[in-house]
Every structure is written in C-alpha cells, then in structure tokens.
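One structure is given here, and the rest of the page talks about it.
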Amino acid sequence: MRHQATLISGDGIGPEVTRAAYELIQRAGVAVDWEEVFAGAAGVAKHGEPMHASVVDSIRRTRVALKGPLETPIGKGYRSVNVALRAEFDLYACVRPVRSIPGLPSVFKNVDLVIVRENTEGLYAGKEHLIAKGVAETLKIVTEAASTRIAAYAFALAHREKRRRVTVAHKANIMKITDGLFLDCARKIAAANPDIEYNELIVDNTAMQLVIRPERFDVLLTDNLYGDILSDEAAGLVGGLGVVPGANIGDDIAIFEAVHGSAPDIAGQGLANPVAVILSAAMMLRHLGEPDAATRLESATRAALADPAARTRDLGGPATTATFTAAVAARL
Ligand code: NAI
C-alpha cells in the first residue's frame, strides 16, 4: 500500500537527518509519497514566514508528518513553530520512548521508559506579557479536559505496551491549583485502571531519581515544561539527544520528530547522528500500519549501533551521518 506523508526537513541538521530517515523508509520497502514543505527558518527563507499556509494545508491533507527540528529565535522573534503546529492540530500527547541501546558507552544499561508529556497547554500556552516596565507575567493554563485526556493516554499506552507503572512528575506542593488539578485528573484515571501501578513524584525529585535509578521508571506522565526538560535529561541516560525519538499525537493527525533541536553547532558538517530521526520514522511506520517495516528499521539501526566503527561522533565513533545511514541500509 502507498502512503502519503508530509516532510518538513527543518533547520540546521534537520535536512541531513531527515534525509537519512526517508531514504531508509524507502529501503525498508514502504512506499511513501512525500509532500515536502518548509517551516521555521527554512520557511522564512522560502515564503517569508515561519509557518506558511502550505505547511498546515499539507499536514491537514496527509494527516501524518515527519519533521526535522525547527529553529526558534531566543527571547525575541516569532513564536515557536513546533509549539504552533502542536496547537494547530491539537497534538495533545508527546510520546518519547527512552531505551538503553546495547553496547553504547553509557552508565545505565536497563533504561526502558516512555515520557508522556502534555503537549498543548501549561506554560507553553505562550500567554505572556509585560505588565509594567520591569515586570513580566506568563500564564500557566491547566484544564481538566487536557489533563484527563493525557492521563488517559498514558494509561492506555501502559496497557498497550504491557507496562506496569505510571509515575506522575508534578510540582503540586508549590502550584497547588494548577499542578493540583493535573494530579487530581491523573488520580481519577489511575483509580479506573487498578491493574497499573500508580505513583507521584515531585518533579525535582524525579530529576534526581532519573540519574540515580532510571530503571525504576516505566511510563512517566507529566506536563508540558517538565516533560520538555525531563526528555533531554532522560536522553542523556541512554547516549544523548542523538538517539531519542518522539511523536506528537492527536486524535487523527500525528507528527513524528526527534527530541533534539537544530544543533546549529554541528549543522552542515555531516556530524549529526540520524538515529533519533530514524527511530521517529520507525514510530511513524507503526502509526501507518507498517509494524514489520518499523521493527526491521529499528533492528537494523540497533545492529548498526552495535558496531563502534559505525557510530557518529556524539557516540564516540568516526562515522558521518551518511556512513551511519549506509550501515543501517546494509543491515535492512
Ligand atoms: P539542540 O538539541 O539543537 O542541541 C543540543 C546539543 O546536542 C548540541 O550540542 C548539539 O550539537 C547536540 N545534538 C543535538 N542533536 C544531535 C544529533 N542528532 N547528533 C549529534 N549531536 C546532537 O538544542 P539547542 O542548541 O538548545 O537548540 C538549537 C535550536 O533548536 C533552537 O533554535 C531551539 O529552539 C531549536 N529546538 C527545536 C526543537 C524542535 O524542532 N522540536 C527541539 C529543541 C530545540
């Protein structure tokens, strides 16, 4: 069966790593008609705006996208297109599986957790303003509807993936009303799912427990900001940002992308590790109903990573983006 998907190559290392992913999808024998569109800094260069209508139109038509990272100006300029896309399509669940990869030089060998991050509200609603000179304010929006929906997603994922525990990371000791509401919603869903163990941790303690005993985490349910920070931290437990994939899931549209950003420090040098985007592409294949190809792509990626000579520089190896991709292709 042929599939349709939108391709956003992205900024910085984006074009290098997404290219690896779509070449490997083809190599895995899955036919995808890609519609390429440009967003972020590439969108500004092509259309004069970071989120041109063609981006939204294409994703609305194909209902699935593979996306490279998009650059966001810091402290000024346009709103994050990443956040805007998640809001536009109500992609409420950000799902990031973090797994140890056998053979990689990492302190931890048995990490196997999934971060389920609320993706539409919290502090990322971007509702901020200056109330007076020298005084800035931002709103943290938490709704019962979104909190219940993400908690239900986390428990459904736990069932689907035969996971045993959901841990909520929160700060309801300080933000008693907002994080308190998030927690209340999670507790109600937990009560309806007694077969899955449920526990709660304050987010600062979560950050510490993650670097001491990461293997105790299974499904980690959290809000938008904590999820963003804990994702990078968790990536650091298994080899870094170069290896952790992700998905932004809504009711009928999904965008697949790595946890990492555009890595301007290494862009255009062939140094980027494409594993995170390749594994995001595998998640996309599963979403498209191609589980065999997804599993083959994941296995080939892991097999290539087992060879130290095939690894990219971030993992201590000599390979380039292109030679690593060729090593995966050879194993597919
Ligand atoms: P970053 O994730 O781009 O880079 C952090 C560090 O990790 C850098 O040293 C980089 O070289 C390294 N790194 C990241 N991905 C790598 C890969 N695949 N292979 C090897 N090394 C890799 O984070 P940073 O520097 O904070 O952000 C840069 C830009 O990316 C910003 O404009 C930011 O807004 C944007 N960004 C976009 C995201 C998205 O599109 N979803 C997510 C995070 C950041």
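So what's the back-of-envelope 222 nm ellipticity for the chain, counting only DSSP H runs of four-plus at -39500 (n - 2.57) apiece and dividing by all residues, rounded to 500?
Values: 11 runs with 134 residues, N = 332.
When only DSSP H runs of four or more count, the value is -12500 deg cm²/dmol.
Under a point-charge model restricted to the Cβ atoms of Lys and Arg (+1) and Asp and Glu (-1), what is the dipole moment magnitude of the chain relative to its Cα centre, in debye to the nearest 20? Could you put the intermediate results ahead of the total?
Working: 36 positive and 39 negative charges, 94 e Å.
The dipole magnitude comes to about 460 debye.
Run down the aspartates and glutamates and flag those whose C-alpha is under 19 Å from the C-alpha of LYS127, throwing out any fewer than 8 positions away in its chain.
GLU88, ASP90, GLU118, GLU137, GLU144, ASP179, ASP223, ASP228
Within the range 207-226, find all residues whose amide N lies under 18 Å from a label point positioned 7 Å from the Cα of LEU139 along Cα-to-beta-carbon.
224-225
Which three semi-axes in whole Å describe the equivalent ellipsoid of the range 107-237, each the square root of 5 times a Cα gyration tensor eigenvalue, listed largest first? If you can, show how the numbers build up before the last one.
Details: eigenvalues 140, 68, 27 Å².
After diagonalising the Cα gyration tensor, the semi-axes are 26, 18, 12 Å.
Just the C-alpha atoms of the chain: what Rg/Rh do they give, with Rh taken as the Kirkwood radius?
Looking at the chain, the ratio lands at 0.96.
At what distance in angstrom do the alpha carbon centres of the range 37-59 and the range 284-316 lie from each other?
Computed from Cα coordinates, the inter-centre distance equals 29 Å.
In debye to the nearest 20, how big a dipole does the range 107-237 give about its Cα centre with +1 on each Lys and Arg Cβ and -1 on each Asp and Glu Cβ?
Numbers: 17 positive and 19 negative charges, 42 e Å.
Computed about the Cα centre, the dipole is about 200 debye.
Determine the per residue accessible area of the range 1-77 with all protein chains present and a 1.4 angstrom probe, expressed in square angstrom. Before the final figure, lay out each step's value.
Values: 3550 Å² over 77 residues.
Result: 46 Å² per residue.
If contacts are Cα pairs under 8 angstrom and at least 6 residues apart, what is the relative contact order of the chain in percent?
Working: 711 pairs, mean separation 73.4, N = 332.
That works out to 22 percent.
How large a share of the accessible area of the chain, in percent, is made up of carbon and sulfur atoms when the probe is 1.4 Å and the other protein chains stay in place?
Details: 7950 of 14260 Å².
Exposed carbon and sulfur together represent 56 percent of the surface.
So what is the accessible area of the range 107-237 per residue, in Å², with the probe set to 1.4 Å?
On the way: 6320 Å² over 131 residues.
Using a 1.4 Å probe on heavy atoms only, each residue of the range 107-237 averages 48 Å².
Quick one: which of 248-254, 204-210 comes out on top by average Cβ neighbours within 10 Å, and what's the full order, highest first?
Taking the mean over residues of other Cβ atoms within 10 Å, the ranking is 248-254, 204-210.
Among PRO102, VAL219, ILE74, whose Cα lies farthest out toward the positive end of the dipole of the chain, if unit charges sit on the beta carbon of Lys, Arg (+1) and Asp, Glu (-1)?
The listed residue farthest towards the positive side: PRO102.
Setting aside same-chain residues fewer than 8 positions from LYS133, which lysines have a Cα under 18 Å from its Cα?
LYS76
For the range 107-237, what does the relative contact order come out to in percent, with C-alpha contacts under 8 Å and a separation of six or more?
38 percent
The values are calculated or read from the model by the stated rules, or taken from the named source; none is laboratory data. Bear in mind that the values here come from a model prediction, so they are computed numbers and not experimental data. Neighbour counts are summed over all protein chains in view; Cβ atoms, including those assigned to glycine, are modelled from backbone coordinates with ideal geometry. Each accessible area value is taken on the protein alone, full model and side chains, heavy atoms only, with ligands, DNA and RNA left out. Shrake-Rupley method; radii C 1.70, N 1.55, O 1.52, S 1.80 Å.
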